[in-house]
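Q: What follows is a single structure, and I will ask about it in a moment.
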Amino acid sequence: MLLLVQNVGPLDLISSLVITLMWVPPVFILPGQALGLLFLASTRETGPESWLSRTADRTPDWVIAVTVMWAATSWQLRFVPVLVMVTLMIVGLSARLRNPDRPQLIKAVCVGLPLGVAVLEYLWFTPAIKAAFANGEVALALILLLPPLLAPLLTGPIPARVARVATHAPAAGAALLGPFLLVAIFLRAPILPPVALQLNADPGVLPKVVLGSVVTVDDTMTTLLDSDGAVRFVPNGQVATKVLCPGEEQIPNSAVMAHEWSVEQSALEWLLPSRGPQKETDPRCEGRPEEP
């Protein structure tokens, strides 16, 4: 870490932190708001206030609206059904709390709206759900399949005797574990460019390829950080060729698409100009020497 701090500029560290953690704030704000409203709706006549309910009650609507738009652009497509479910939960519980004497409005917002949105979601995601099951990606299929089914069930109160435990336990757990999660995510963030160096070799001997991330390059030495965290110093005179490799974060884990939109892409990534067809991975990036 000291080597990184010495050779990576503060702007690079800050920009990496911002880009890496851009999707995180909505993960805490929206579920926290939904849990607070659920506690209020379940205990407004029998239970006392709590820190969670006070926070939910005092959060302005515009903050929630901005956070939803933020999540819609920064979350991957596969998490959009979860975002829609949490948003419908917030809207439905808010309608119950603010309009208790309007049963028709509550029924429309808490039941009709989630069912209508579920139909639209399934029309959009059905090909992706089928592809996920066909590829054996059961977790992905369930992430796309279950939230629309659960949304109508989460817009109403739960029994008051279990409301505090059901809402405060997850919120407290997220508050305690959140900082450690953020640190772990940041430490795994790609800051240095990954490269492959093919070293000189005697005739008839297979050249060696060194993989790692470039820390610094000077007139005599290239400093690399390998995947095990070890620092390697390679004399420039021993380097025959070098190539910039794609990072692990650029390699998709799923081939499932929804209307030509990869489920691992966010709206922000999808709207950016495409780079065109990707070439085959250079063999040196896989640790194999380049063919002469």
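The values are calculated or read from the model by the stated rules, or taken from the named source; none is laboratory data. What you see is a predicted model, and the numbers here were worked out from it, not measured in a lab. Cβ atoms come from the backbone with ideal geometry, glycine included; neighbour counts cover every protein chain shown.
Q: In region 150-165, what residues are touching a residue at least 24 places away in the same chain (Cβ under 8 Å) and more than 30 Å from A128 (Cβ to Cβ)?
A: P157, I158, P159, A160, A163, R164
Q: Is there any pair linking a residue in region 137-149 that is farther than 13 Å from V263 by Cα to one that is modelled with pLDDT of 90 or more and basic (K, R), with Cβ under 9 Å and at least six apart or on different chains, and which?
A: Pairs that qualify, where the first residue is farther than 13 Å from V263 by Cα and the partner is modelled with pLDDT of 90 or more and basic (K, R): there are none.
Q: Inspect region 230-242 for any residue being modelled with pLDDT under 80 and in a loop (DSSP other than H, G, I, E, B) and give the result as yes or no.
A: There is at least one residue in region 230-242 that is modelled with pLDDT under 80 and in a loop (DSSP other than H, G, I, E, B).
Q: Can you tell which of L268, L211 is touching a Gly at 6+ places or on another chain (Cβ under 9 Å) and modelled with pLDDT of 70 or more?
A: Just a single option satisfies the conditions, and that option is L211.
Q: Quick check on my filter: what residues within region 271-292 are modelled with pLDDT of 70 or more and part of a loop (DSSP other than H, G, I, E, B)?
A: D282, G287, R288, P289, E290
Q: Within 30 Å of H259 (Cβ to Cβ) and in contact (Cβ under 8 Å) with a residue 60 or more places away in the chain: is that true of I90 in this structure?
A: yes
Q: Mind checking which residues of region 70-114 are assigned to a loop (DSSP other than H, G, I, E, B) and buried (at least 20 other Cβ atoms within 10 Å of the Cβ)?
A: Hits for region 70-114: nothing passes.
Q: Moving to a separate point now. It is to be established whether one or more residues within region 94-108 are under 25 Å from the mean Cα position of the chain (by Cα), among the hydroxyl-bearing types (S, T, Y), modelled with pLDDT of 90 or more and not assigned by TED's automatic domain parsing to the domain that holds V256.
A: So far as region 94-108 goes, no, none of its residues is under 25 Å from the mean Cα position of the chain (by Cα), among the hydroxyl-bearing types (S, T, Y), modelled with pLDDT of 90 or more and not assigned by TED's automatic domain parsing to the domain that holds V256.
Q: OK, next. Part of a helix (DSSP H, G or I), modelled with pLDDT of 90 or more, under 25 Å from the mean Cα position of the chain (by Cα) and closer than 21 Å to V82 by Cβ, is that true of L30?
A: Judged against the criteria, L30 is a match.
Q: With respect to V63, is the statement that it is farther than 18 Å from Q33 by Cβ and more than 19 Å from the chain's Cα centre (by Cα) true?
A: no
Q: Right, here's the next one. Looking at (1) surrounded by fewer than 17 Cβ atoms within 10 Å (Cβ to Cβ); (2) polar (S, T, N, Q); (3) under 30 Å from E264 (Cβ atoms), which one does T67 not meet, given that it meets all the others?
A: (1)
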